[in-house]
């Protein structure tokens, strides 16, 4: 129940230690690894205390940066129905972790567990920021073109499944939230934002996209690039792609499918012939770019945007390295005050609608 | 104004000779090439007669299989607004070609020109089949898994942009039409059909998809596989993927974008280093599979389904080989009576709604 810390205090991240396909094996190892680095982050490992402590005991770590918080009700399984599971087990790890953030014991929430449960626990415990009509889940994905100061080979897409459909005003909110996140994570002061549609013209697409286009064209806080088409997704023409959660879900899973197919083909080729192995070795530098595009899941997690606290959803398949990255990303978002950035971007919309 | 020919008569295809990025260069060459093959198709080349005749004069061909039909009003440009262009130039090549089919002078329409104009010319000249609420544009796309008797490495997706949204009943129509086309083109007697959604469960997705799922589960004429996710698109889990035109457009263009990015990477690697060239040569067999997936546009065209005549939209970038393939596909669809297959598949729906 402590007060919100000043920004100079070290960031504290509540990690759902039970969530994800690999459970403690990935989460505890990720936190342990990070605790030994030059710029550690304080991690609260939330879950079954005896199990976490036992796992932690077998790993080298710096105990000054890790705290274990017991959650008595187990974990929401990856296939469980989120609402039913949370109601049945109020003291499950994701709920306890969210409560720690709500009560000021931690600054951000990270989970590799059930996506729906992470979203529900967040909306149960956190407030939406002023002007945010709907939270959105954003995902980084690999692109041919590079983005931001550091030349990141990733763009951001949202919503990718927090909800199904979106009104024009909600799409505008997604645009602002995505821009704020890209600004922080990619050191990209003016990220290019676009709506995903079936043509680049302002009048292309379903009604809600046409209307969102008109609103964004008049919003000074977003560097609006107009509409893009499916072609532009892998190219990476823009830094932030805005769409409904249904469309974003299909597109993101399709990118995942493409990467799996490419991996399959490469593996097949490698297994089959000595000459091919030699060929692959010779090509190794050229193939790095392709491999990077098939392995982007290691790069941080998907932020759940729109709440007054930072939430990062790591991929269910995250290994310890991916968990470590998700914690770092969460700490960076807290450090750079993501919530304030979003509120500032939405201010013209809030003022514009204050007469309503 | 001749009567519909008996099926034993040779199939006659009206080809918009002016349409497509390469115009006569591809269309006339495609028809000329086909006329010399063992199983030719009768082609009516529709467009500027002097220009067509001049182009044809420079190519070896069998004049018994080619007829030139003059269209006085030029061509609808690839970037023209379809409705405005057709109204301004009623005797343009796509309109004249559609009229030849309407009047029984030809059995099928093929065009590599403006997609919107091809769809509008078809709906202006043809009738929708009984039970079809909306026409749909279907596209073949490359998959990891193979399909049908011949093991085609392609699946079918529809709608990919004839319209934007679709009701549950319209999605059911798409499912039936896609199944009929897959049956004919891939020699696949019972093609697996699925709805594209954000989860495999019957209750996943927007309302119209949930409702379509319930209708398809009870439709005996379709081998319904349930819902698939984005992941299943490149895998090729099913033979026919059903979705709204907006979603299909984004997905299809994204696949195109992915293939372009893969080609770029391969070209870069090839250009850069002798060792890489050697590596690529050694890998050539392994890379064939990947190359096939980036070059699927050569394989026939996109059928516009739902009308009482066969319409094939070839890709704008089609070369003569792709045009030749589109003509062959159109002839095969006429030969196997695509319209009858669709009508038969929709019969339970028509009977079911006859009490309305």
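The values are calculated or read from the model by the stated rules, or taken from the named source; none is laboratory data. Note that this is a predicted model, so its numbers are computed, not measured. No Cβ is skipped: glycine too gets one built from the backbone with ideal geometry, and neighbour counts run over all protein chains shown.
Odds and ends about this structure:
- Restricting attention to segment B:148-160, the residues being at pLDDT below 90 and surrounded by 24 or more Cβ atoms within 10 Å (Cβ to Cβ) number 0.
- Number of the condition not met by residue A:44 [criteria: (1) under 24 Å from residue A:332 (Cα atoms); (2) over 20 Å from the mean Cα position of the chain (by Cα); (3) modelled with pLDDT of 95 or more]: (2)
- Candidates B:47, B:77, B:131, B:57: the one that is crowded, with 20+ Cβ neighbours inside 10 Å and within 23 Å of residue B:321 (Cα to Cα) is B:47.
- Within segment B:109-123, tally of residues that are over 22 Å from residue B:335 (Cβ atoms) and in contact with a helix residue (DSSP H, G or I) (Cβ under 7 Å, 6 or more places away or on another chain): 6
- Across segment A:215-230, the qualifying residues are those that are in contact with a helix residue (DSSP H, G or I) (Cβ under 7 Å, 6 or more places away or on another chain) and assigned to a loop (DSSP other than H, G, I, E, B), and the one among them that is farthest from the other protein chains (Cβ to nearest Cβ) is A:220.
- Qualifying residue in segment B:101-111 (condition: within 18 Å of the chain's Cα centre (by Cα), at pLDDT below 95 and closer than 18 Å to residue B:322 by Cα): no
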